[in-house]
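Taking it in order: structure first as structure tokens, then the write-up.
The values are calculated or read from the model by the stated rules, or taken from the named source; none is laboratory data. These numbers come from a predicted model, not from an experiment. A quick note on method: Cβ atoms are made from the backbone with ideal geometry, for glycine too, and the neighbour counts reach across all protein chains shown. The protein model used for the area step is the full one, side chains on, heavy atoms only, and it has no ligands, DNA or RNA in it. Shrake-Rupley method; radii C 1.70, N 1.55, O 1.52, S 1.80 Å.
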Amino acid sequence: MSITSLFSTGLKPVNLGLDMFAEDLTAQGVAPVRMDWTPPGGGDPEMIAALGRLERPEVAERIDTANEEAVGRVLAAQPFLEGFGQAIDTVPGMTRTTILHAGPPITWERMSGPMKGAVTGALVFEGLAKDLDEAAELAGSGEIAFSPCHEHQSVGSMAGVTSASMWVHKVTNRTHGNTAYTNLSEQLSKILRFGANDRSVIDRLNWMRDVLGPVLAAAMELNEAGLDLRLLLSQALHMGDEAHNRNVAGTTLLIQALTPYIVETDFSTQEKREVFDFVASSDYFSGPTWMVTAKAAMDAAAGIQDSTVVTAMCRNGVDFGIRVAGTGDRWFTGPAQQVVGPMFAGYTPADSGLDMGDSAITETYGIGGFAMAAAPAIVALVGGTVQEAMGHSRTMNAITAANNPNVTIPALDFMGVPTGIDVRKVIETGVLPLINTAIAHKDPGIGMIGAGIVHPPIEAFQQAIITLADTVGAESRRSAP
Amino acid sequence: MTRYVDIRKNTYLDSVSLMSMSTRANAVEGVTRALLGMATPMNKEVLLNVGVRDPAIDAARPSDLMIVIDAADDLVEDAIAAVDEILARRNGAAESTAEIRHRTLDGAFTEVPDSNLVLISVNGAFAAREARKALVAGKHVMVFSDNVSVEDEIELKELAHDRGLLLMGPDCGTAIINGTGLAFANAVRRGSVGIVGASGTGSQEIAVRVHDFGGGVSQLIGTGGRDLSAEVGGLMMIDGIEALAADPATEVIVVVSKPPAEEVADKVLGVLGGAGKPAVVCFLGSPRTESGYADVQLVSGTKPAALAAVLATGVDESTLDLHALNVPLIEEVRARLAPEQKYVRGLFCGGTLCDEAMFAALATYDDVWSNIQRDPAYVLGATDASRGHTFLDLGGDDFTDGRPHPMIDPSLRLQRLVREADDPEVGVIAMDFVLGFGAHEDPVGVTIPAIEEAKAKAADRGQHLEILGYVLGTDLDTPAIADQVAQLEAAGVTIASSSTNLGLLAREFVAKGDHR
Amino acid sequence: MTATAGEHAGRPVDAVSVDARLAAALPIDGRTGTVHSVHARVVNLRTPDGLLCCLASDELDDAPRTVLIAAADWGRIGWHRDDPVRFGPALTHAYDGTTVVLAGATPWQPSPADTSALTPDLLRHAAATVERHLLTPAHRTPFEVASADELGRRTTALADAIRGDAATAVTAAAARLVGLGAGLTPSGDDLLTGLAVLAAADGMALGRIRPALAEAVLGHAPLEERTTAVSAATLTEAVAGRARQRIHDLVTALVSTGEAGTAGGVGSGGRSSLVDAVLRVRAIGHTSGADILTGLRLGLTLEADLREANRLAAPTHPKENS
């Protein structure tokens, strides 16, 4: 709009800064658009410089194009449940002495209490140690290879501990052909992934290995078409799930889709009955399914050059790590945070372990905390109001690149879930992704003690923006073709 | 052409929703006219008057919404669908835009695409970045923030120029666009005088004087104080002049600034000379007297600038109250001052007002000290005691460091006022009081106790201390000028009727012997 | 979750203030009325007796037939159109149990103002002040364009009728304005509101047209047949001299310009508060404020004409020192 045409148009100002100017404008009958602005990067000159390098028009254009490509792939991804298999047979790089864990890489010595509990439990379950003491010794001996799930096309909830004989989902993104894996829900709260590892936990793992996994695998072998998980997910959101902390609808939809095939398998009625009872014992059954759905979609964007879109957020109970499309496999980390939210009776915040698990892949994809507005029923569980939940989902638009037209929130006028966290926007606005999650006890062997909301540490995004500025925003790239 | 008439039973739309829906409905491809209104009998008559007649309308009740769409035959269905969609969405949309505050400019622009100007007053370290974003998004920008580097200023102004946008500032305190005051501005009538100002209070003063002479302001464009420096080269000033030259509502262009760099002054005068409209230029303190262009008049002060502008719009001078200097008043004050009371102390909020008073004094006296003196030998710092004739711009960087501008926070001036009264050689203390948007809500009221204290100090040693005040404001400002003037008069303050007169009166009050 | 919602609803909402006349008129026998319509900060209710009244957030000002609720509590009024509401000792939403308690609310009555000291000059001056702040709308809808001509013509006709001092003509002309204009409160109604409230102030010569205005509003076909329900309620109150507090504030500010005028020169003191009051009225609704101001301006001009005969001495002008 030229200056002269401004003179013949109604003035429609935006007020960025002093509120008194906005009030004066309103008093003159020209209510301005008002801002809730904070200095970019929290006012840190290093962050502003990094943002500045990425904002030069030719760089910004390159990034925008790359982000469009990255988010376009995420939105186009069609994850299908193809089947179930044991980790040793399916997960890339898996060996009998490999333990996969949640979050960015971590050594045995630095692991949190719950993760150590899960690791020792898994070593006993695999028969590599006769008891927990021996397992702890073995874990520290150097004979066990520890590796992040994310480095094996996988995700794992909470401790994320996945060992060779555990059964995993096989989910293929049929649009781009990549496959992702995750293990099965253990349902109850006193479980391996929360660091519990007593006999009851091992017994359940044994049953899952011997009955649940084989039944599900056989069922999916009968289902040659596979299950369109994005479709189920989208229905689940319309039924009041956000697919991280609330999975009532999703679990019902999933088991409804699996049931005809389970019934067709050759297993005994008793075994099938056990499977159905197990599924019915907790709404969480489909939780890992939505995680792996998200992982299969996000992996489609991994490695897109110049893109500033986050492809993974995860935590190991000590560090919070993110990966960014344009920086490939690199991890950017910061300290894992305390989860804030209601605790089960008898526990206090002092009992809670730090944020843990790969489940933040759901938020990376745009569900979970980003879709809070879809799940008003659980606002109290994570300690908020419906109004705040609506606000959370809208606020996430400030840091994402797109809205997913395939996964929508009815209460927000069918707004697509905010998808594709842009590192630049996080640093610029200071708005951190909102993650819904469970709280594990800080000590091994106890399990889940609450649920709530947590944010990633800003440090992870700061490291990412600096690396992006040094690579994508490097001067030498200016003349690149 | 097809007419579609629809009645929505019991649909209550407030006029804001109605306005936004009507605007959007009329913008739908294929719609030649969309009429939306509540179905009162009188409104049905209105539709009848414009030729809309339909049995459904006759049957509608006042609680029903009438929708009439005229659209091209082949497009009417699309148009109806689009209008339906707008109607279906109105609730969420109308309520959420009112509440949401945006985190980023990009977010604000996406949500409110027809926003067209961004007023930036965040810390200067971040202002350039936000201004750049706004310009790239095609928005006009006013940067109130200071402490923006000259390199950034040049880059922003070049970007704005390339895109045909305003980049007012940085450090631009005043603008009036389409009758709306931005940041520090006075409520003035709209009219045909267009102003481009590199000095904020100078622009305010001219706008107020134009209003006072019965004229009005079409647009007031601020450029920021550095625009006419050699480095920036008057980028915004020239674009501003050209915009006013092209603006049919502007009949005369006024330019106000401190003296520009010589080559920039030549350039600005050249552009004005070719503007095709009469122009008035006030380069305060510049020795130039001739513009070199027939249509471009150089004047010495803000009041002559306003007068020349108003006369150029065709007003008959004999109808104006020119507020000529009140000579008997000057004699009266001189008589009350003791022989040793020979100095003026000026304590100003407005930089241009300080400048103007200082130049008035310099025309007569040599020992004129200021923090904005051009002669380095006579420069006073913020911590220096006053000497001789002293004129302080308390809004200058050296005084404002870390504190709000004196137009908002008068505390520094109050202390200084009381301190000046200790000097028995002081005859006159001159002060400005700036009203209007952005300014202190009662600048006079907060100063009265200090004025009384200052006068009492002088009285204790048997002197009369003359306090001379000027209130920059209009009858439309809040508070109104009359209210502020009355308070000053009640406190025994002499009122000057303009910035120009303030400088002249202060100078004349203390003139002794030779200087008379 | 339902337990939580129940507990939430259980805590009553205390009204901040209530129109005193409304408080006296509301049924308390527990019969059921309905939610008539819902806006961002207003919920209109229809009592079992058919009276239209409203709950509003206290970000808005007091007004006839209005119960104000603290903005902090406003989020709890999640009521929808046609929901049943019980009018007992308190107002109770029949579905979610939200209860609005009126017992402790401050009763509101519009403030009286005596205009008898105002000179014709001051009235004209005030009319000019109103005029200056009547912005030309930046954009008008096609309907507004179509109705604006009618509005202008009929307003002129009303002014002529008032000057002509024929009650039947005034009634006829005013009735032609009822329901004219697009919005929830049509422009013609807003204009009549401004005029009627001003005419109702103490000491107004215009007071003599009040019966004719009331006849135009109340005496013809039922008002809700002629304008929207919300506007009908507003207009009914306006001809009784009652309107939103900020319109009364404007009349009060007008009177204070007169007081200041006789004491210390034109406009000292009161002028700024008048401008302030004008701007606050202008901020009502989208176009309503401007339409109300148009009515007020018309009233001020007419009043000046009517008082001309008894013109007081002109006030003194301030000393020009230089």
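Remarks
- Normalising the Debye intensity of the stretch C:44-88 to I(0), with uniform scatterers on Cα atoms only, and taking log10 at q = 0.21, 0.23, 0.25 Å⁻¹ returns -0.77, -0.90, -1.02.
- Long-range tail of P(r) for the stretch A:187-246 (Cα pairs > 13 Å, %): 73
- The stretch C:139-181 and the stretch B:128-190 have their alpha-carbon centroids 44 Å apart.
- Between B:Ala511 and B:Asp422, the modelled labels are 3.2 nm apart [label points 7 Å from Cα along Cα→Cβ].
- Largest-first principal axis extents of the Cα set of the stretch A:52-94 (Å): 49, 23, 11
- Per residue, the stretch C:39-95 exposes 38 Å² of solvent-accessible protein surface, assessed with a 1.4 angstrom probe and all protein chains in place.
- Apportionment of accessible area to carbon and sulfur, the protein assembly as shown, percent (1.4 Å): 53
- For the stretch B:425-516, the share of alpha carbon pairs falling in successive 5 Å distance bins from zero is 3, 14, 23, 22, 18, 11, 6, 3, 1 percent.
- Over all distinct Cα-Cα pairs of the stretch C:2-108, the Kirkwood formula returns a hydrodynamic radius of 13.5 Å.
- Summarising the label geometry, the points placed 7 Å from Cα in the beta-carbon direction at C:Asp29 and B:Ala338 lie 8.7 nm from one another.
- Between 0 and 90°, nearest 10: helix B:262-273 axis offset from chain B longest Cα axis: 50
- Residues within the reach of a label modelled at A:Asp228 (point 7 angstrom out along Cα to beta-carbon, backbone nitrogen below 17 Å), restricted to the stretch A:288-312, are A:293-294, A:297.
- Aspartates and glutamates with Cα under 17 Å of A:Lys442, excluding same-chain neighbours fewer than 8 positions away: A:Glu109, A:Asp198, A:Asp319, A:Asp351, A:Asp355
- For the stretch A:376-478, the Stokes-Einstein estimate of translational diffusion at 4 °C and a viscosity of 1.567 mPa s comes to 81 µm²/s, using the Kirkwood hydrodynamic radius over alpha-carbon pairs.
- Crossing angle, helix A:386-396 versus chain A [Cα axis fit, 0-90 degrees, rounded to tens]: 70
- Cα-Cα P(r), the protein assembly as shown, percent of pairs per 20 Å interval: 10, 29, 32, 21, 7, 1, 0
- Counting only lysines at least 8 places from B:Lys457 when in the same chain, those with an alpha carbon closer than 19 Å to its own are B:Lys342.
- For the stretch A:78-294, convex hull of alpha carbons as volume per residue, Å³: 112
- In terms of overall dimensions, chain A has a Cα radius of gyration and Dmax of 23.3, 84 angstrom.
- Alpha carbon Rg of the stretch B:108-319, scaled by the compact-globule rule 2.2 N^0.38 Å: 0.96
- Chains B and C, summed buried accessible surface - 1.4 Å probe, Å², nearest 100: 3700
- Spatial offset of the stretch A:352-371 relative to the stretch C:9-37 amounts to 45 Å, using the alpha carbon center of each.
- 10 °C / 1.306 mPa s Stokes-Einstein diffusion coefficient of chain B, Kirkwood radius on C-alpha pairs, µm²/s: 62
- Cα-based Lys proximity count in the stretch B:108-319, under 26 Å, for pairs eight or more positions apart or on separate chains: 11
- A Förster distance of 51 Å, applied to the separation of the beta-carbon atoms of B:Val379 and C:Ala40, puts the FRET efficiency at 0.35.
- Shielding by other protein chains, B:239-248, mean Cβ within 10 Å: 3
- Placing a pseudo-label 7 Å from each Cα along the Cα-to-Cβ vector at A:Asp277 and B:Glu262 gives an inter-label distance of 10.2 nm.
- If R0 is taken as 45 Å, the Cβ-Cβ distance between A:Asp198 and A:Thr385 corresponds to a FRET efficiency of 0.70.
- Label-zone membership for the stretch C:16-39, site C:Ala70, 7 angstrom Cα→C-beta point, backbone N under 14 Å: C:16-17
- The long axis of helix B:443-460 is offset from the longest Cα principal axis of chain B by roughly 10 degrees.
- On the beta carbon distance between A:Ser2 and B:Leu159, with R0 = 22 Å, the FRET formula returns roughly 0.90.
- Counting only protein chain heavy atoms and rolling a 1.4 Å probe, the accessible areas of A:Glu55, A:Glu186 rank, largest first, as A:Glu55, A:Glu186.
- In a DSSP loop and with at most 11 other Cβ atoms within 10 Å, there are no trypsin sites (Lys or Arg not before Pro) in the stretch B:190-278.
- When accessible surface is computed with a 1.4 Å probe, chains A and B are found to bury approximately 4000 Å² between them, both chains counted.
- Taking both sides together, the accessible area buried where A meets C is about 400 Å² for a 1.4 Å probe.
- With Cα atoms defining each centre, the stretch A:276-308 and the stretch C:78-132 are spaced 55 Å apart in the structure.
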